[in-house]
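*Asks:* Just dropping this structure here.
Read-outs throughout are calculated quantities, based only on the coordinates presented, and are distinct from any laboratory measurement. Since we're looking at a predicted model, the values are computed, not measured. Every residue, glycine among them, receives a Cβ derived from its backbone with ideal geometry; neighbour counts consider all protein chains shown.
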Amino acid sequence: MNDRNILEKANLRALLETDQVDRIQDRLNIVDTFLDTEDHVTLEELFRLLKKKGYDYDPKFVRQCMNRVVELGFAQRKQFEDQPVRYEHRHLGRHHDHLICTKCGKIVEFSNAEMERLQVQIAASHGFHMLQHRMEIYGLCNECLAQRAPLMPLAMAKPGERVEVKEIAVGVGGKSRLASMGLRVGDKLEIISNDGHGRLILGHECTRLAMGRGIAQKILVSLSNAPADAICKDES
Ligand SMILES: [Zn+2]
Ligand SMILES: [Zn+2]
Ligand SMILES: [Zn+2]
């Protein structure tokens with residue numbers, strides 16, 4: 001455990017004692033285990049870490065204890081998109097933001113002074129006094145990106161992804177249908193929806209296209225890092 005966590009633990013112990021609650025040692029065991037991990041843990045992951053240390057506590061007790069740790073300002077709850085609630089350390093005077101991999105769930109922390117300054121400035125330019133913010137960047141981590149085939153059928157692309165058309169492997173009929181949509185190799189598309197079985201809805205040059213799954217299987221694309229305005233440039 002690093003020095004900061006030793007201080008936090010002493011601080012928390014003093015506060016818990018003034019709470020006049022029972023099972024102080026059990027609570028401290030939970031707090032210890034939580035402070036020992038630098039991960040963003042779910043309650044379930046915390047039970048598992050406790051079990052590994054030989055503590056088998058009632059889940060209700062652990063939740064209640066963590067609620068108090070949050071109230072006392074030593075932990076904060078985070079919920080990323082549709083993931084379960086996670087707990088992370090809360091260190092006074094320190095702030096960070098998150099990158100979240102939508103494939104494997106990996107969470108990476110970052111802090112960027114310039115970005116923080118810009119957010120205050122943007123809020124102020126709208127007459128807002130910023131109190132707090134959430135900055136969450138969703139995407140694919142390095143490992144997940146490496147696992148993706150460089151070329152994939154458009155039908156496999158996920159909602160929110162931007163792709164570039166690399167190859168159109170459809171028959172003559174399909175080709176003329178695509179031509180009437182104005183779709184060519186090199187075009188950038190944004191996947192608006194793709195439920196895995198029905199038609200895809202795609203953003204393409206400021207319009208939304210509905211494309212049958214059969215055709216989408218035959219269009220090969222690669223992931224594109226192009227900004228959103230590569231799909232539709234706002235000329236106004
Ligand atoms: Zn921030
Ligand atoms: Zn990942
Ligand atoms: Zn964090």
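*Asks:* Give me the angle, in degrees from 0 to 90, between the Cα long axis of helix 43-52 and the longest principal axis of the Cα atoms of the chain, rounded to the nearest 10.
*Replies:* 60
*Asks:* If you average 1/r over all unlike Cα pairs in the chain and invert the result, what Kirkwood radius do you get in angstrom?
*Replies:* Its Kirkwood hydrodynamic radius stands at 21.8 Å.
*Asks:* Right, something else. Round to the nearest 0.05 the FRET efficiency obtained for LYS158 and VAL120 when R0 = 30 Å and r is the Cβ-Cβ distance.
*Replies:* Using R0 = 30 Å, I get an efficiency of 0.35.
*Asks:* Between region 1-46 and region 183-236, how far is it from one alpha carbon centroid to the other, in angstrom?
*Replies:* Taking the Cα centre of each part, region 1-46 and region 183-236 sit 49 Å apart.
*Asks:* Between ALA210 and ALA169, what is the label-point separation in nm under the 7 Å Cα-to-beta-carbon projection?
*Replies:* That separation, rounded to one decimal, is 2.7 nm.
*Asks:* Longest span of the chain, sites excluded, free of GluC sites (Glu not before Pro) in DSSP loop with at most 10 other C-beta atoms within 10 Å? Write out the running numbers ahead of the final one.
*Replies:* Details: sites that count: GLU81, GLU235.
The longest such stretch corresponds to 82-234.
*Asks:* Tell me, for the chain, which Cys residues have no other cysteine's C-beta sitting closer than 4.7 Å.
*Replies:* CYS65, CYS104, CYS144
*Asks:* In degrees, nearest 10, range 0 to 90: what is the angle between the Cα axis of helix 113-125 and the longest Cα principal axis of the chain?
*Replies:* Between the helix axis and the principal axis of the chain, the angle is about 80 degrees.
*Asks:* Have a look at GLY196, GLY73, GLY127 and tell me which one the Gaussian network model of the chain (Cα, springs below 10 Å) gives the largest fluctuation.
*Replies:* Judging by the Gaussian network model, the answer is GLY127.
*Asks:* Still on this structure, I have one more. Mean-square fluctuation check for the chain, GNM, Cα pairs under 10 Å: which of HIS204, HIS91, HIS126 is largest?
*Replies:* HIS126
*Asks:* Compute the angle between helix 3-19 and the longest alpha-carbon principal axis of the chain, please, reported from 0 to 90 degrees and rounded to the nearest 10.
*Replies:* With both axes taken from Cα atoms, the answer is about 60 degrees.
*Asks:* Next up: Stretched out fully, how many nm does the piece from GLU109 to THR18 gain, at 0.36 nm a residue minus the Cα gap?
*Replies:* Numbers: separation 91, 0.36 × 91 = 32.76 nm, distance 3.35 nm.
In short, 29.4 nm is gained.
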